[in-house]
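Peer 1: One structure follows; several queries about it will come next.
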There are 2 protein chains.
Amino acid sequence: MKIKTKKNERQYELKKMITETPFVSDEELSEIFKVSIQTIRLDRLEMGIPELRERMRAAAQKNYSKIVGLGISELIGEIIELEVNQQGISFLEANREMTFKKTDIVKGHYIFSMAESLALAVINSKAALTGVANMKYSKPVSVGDKLVAKAEVFSQRNKDYIVHVKITVKQEQVFRGKFILVPLLNELKEEEL
Amino acid sequence: MKIKTKKNERQYELKKMITETPFVSDEELSEIFKVSIQTIRLDRLEMGIPELRERMRAAAQKNYSKIVGLGISELIGEIIELEVNQQGISFLEANREMTFKKTDIVKGHYIFSMAESLALAVINSKAALTGVANMKYSKPVSVGDKLVAKAEVFSQRNKDYIVHVKITVKQEQVFRGKFILVPLLNELKEEEL
DNA sequence: CAGTTATTAGTACCTGGTACTAATAGTATA
DNA sequence: TATACTATTAGTACCAGGTACTAATAACTG
């Protein structure tokens, strides 16, 4: 018996290709593998690989919760006041996606991220580096809590910024931290490198 | 002039609804708002809201990269060794999704999350609370760096755990932190509350 | 009551499929 | 070599969830 390379090999490659780049249509696949669209569909059927739309739907849903949790871009919390190089205030309402599964307690890194985000915003440098942070979580945060973060630029020695961030819920401190930030090649000029 | 509630209000609610639950079809929307499908489509057109498939496609793609970055569940980094209440080791390769947009530098909260994740894992309590953390980022982390986190349970006074976490890249320390963790009603019995 | 806006209806068309039937090409084996 | 089987391709009807467009009707407004 000859080794049935063609079909088996193609199906193996197909599976690999779909797991690597899941948003590829049957038509594109048929062009890549130089077979008809029907062959691709038979292959998918035999291997139980769902159609493109189903794969997209699954991917979209799996991750939907994470968008909410981690914020749309790089920032956690909403900036409501900002004086560059001086101070800033951001706001965040804790939701269920930020908690541990069975409890109402917000995970620490959301608090941290909120503080870090604001610290970065206040020195107007998205591409900055968290140097040293010395911080304290004073009180647990629960779902529904309205977090207000206040950042103050304390000092600016050399090229480092020291930013203090305090987060409060109803005037009560839940977090404080000191961020040493080193801006990186963004709005800076060449000579500063 | 009468307040044009109907159309304006519906469009406002529509937009809100779609941003909250983005995977809703025009047909479902038409049932919810008790208008025809055409009306829903006109509304979307006027407000520049793309069709369901486009919204799903965008969500799937936006998040496709984040899966990689944020890990499948709640954990950042892969646990490779674990002795409950004693010590644990986790691993993470820094990728582009963890960085600031134009640089190679990994954002601080990924480092923090990796450490926190491991600290939680090592006391076998997903639902624990980060009490106080005293930490230091010693060195920036870049894309491709292979991060190794080591956690040690230092002490267990009352119901608090003190866990030390060190993260290294090629034997060199990039982070250290002390986590005070208070386990919460998960694998515990009633009486402990 | 005329004019404007809002809503609904309907058609043709699109993508990216499913599910099915049927024909053809290629290979294997008695 | 004829027969059997597998692989591939072709084609049809159908589906969801739309776009883009035209046209008619309903509802307000001055």
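FYI, it's all coordinate maths here, none of it is from the lab. What you see is a predicted model; the values in this text were computed from it and never measured. Heads up, the Cβs are rebuilt from the backbone with ideal geometry, glycines too, and the neighbour counts pull from every protein chain shown.
Peer 1: Please turn the phi angles of the range A:47-53 into ³J(HN,Hα) values with the Karplus equation 6.51 cos²θ - 1.76 cosθ + 1.60 (θ = phi - 60°), one per residue in order, whole Hz, x for glycine and proline.
Peer 2: 3J(HN,Hα) across the range A:47-53, in whole Hz: 9, x, 8, x, 5, 3, 4.
Peer 1: Same structure again: Collect residues whose amide H, placed 1.01 Å from N in the peptide plane, falls under 5 Å from the amide H of A:Leu147; neighbours closer than 5 in sequence don't count.
Peer 2: Distant-sequence amide H within range of A:Leu147: A:Leu92, A:Glu93, A:Ala94.
Peer 1: Sorted by average packing, counted as other Cβ atoms within 10 angstrom per residue and highest first, what order do B:172-180, A:77-85, B:113-121 take? Can you show the working numbers first?
Peer 2: Details: B:172-180: 19.1, A:77-85: 14.1, B:113-121: 27.2.
Ranking the peptides B:172-180, A:77-85, B:113-121 by packing returns B:113-121, B:172-180, A:77-85.
Peer 1: Using a ≥ b ≥ c from the Cα gyration tensor of the range A:5-66 (square roots of the eigenvalues), is it rounded, prolate or oblate, where a/c under 1.5 gives rounded and otherwise the larger of a/b and b/c decides, a/b for prolate?
Peer 2: Here the range A:5-66 falls in the prolate category.
Peer 1: In nm, what does the list of distances from A:Glu152 to its counterparts in the other copies look like, shortest first, when each label sits 7 Å along Cα to Cβ?
Peer 2: Label point to label point, same position, other copies: 3.8 nm.
Peer 1: For peptide B:136-142, what's the mean number of Cβ atoms from other chains within 10 Å of each residue's Cβ? List each step's numbers first, then the result.
Peer 2: Values: counts 5, 7, 2, 2, 5, 1, 0.
For peptide B:136-142, the averaged partner shielding equals 3.
Peer 1: Pairs of Cα atoms under 8 Å, at least six residues apart: use those to get the relative contact order of the range A:5-66, whole percent.
Peer 2: 31 percent
Peer 1: OK, next. Please list, in chain and number order, the residues 5+ apart from A:Phe175 or on another chain whose amide H is under 5 Å from its amide H, with Hs placed from the backbone.
Peer 2: Distant-sequence amide H within range of A:Phe175: A:Ser138, A:Ile167.
Peer 1: Collect residues whose amide H, placed 1.01 Å from N in the peptide plane, falls under 5 Å from the amide H of A:Val141; neighbours closer than 5 in sequence don't count.
Peer 2: A:Val106
Peer 1: Once you average over the residues of B:46-57, how many Cβ atoms of partner chains fall within 10 Å of each Cβ?
Peer 2: Going residue by residue through B:46-57 and averaging, the value is 2.
Peer 1: Averaged over its residues, how many other protein chain Cβ atoms are within 10 Å of peptide B:107-120's Cβ atoms?
Peer 2: Details: counts 9, 14, 14, 2, 2, 8, 6, 1, 2, 4, 2, 0, 1, 3.
Other-chain Cβ atoms within 10 Å of each residue's Cβ, averaged: 5.
Peer 1: A further question follows. Can you work out the Karplus-derived ³J(HN,Hα) for every residue in the range B:25-38? Use 6.51 cos²θ - 1.76 cosθ + 1.60 with θ = phi - 60°, whole Hz, and x for glycine or proline.
Peer 2: Each residue of the range B:25-38 in turn: 8, 4, 4, 4, 4, 5, 6, 5, 8, 6, 10, 6, 4, 4 Hz.
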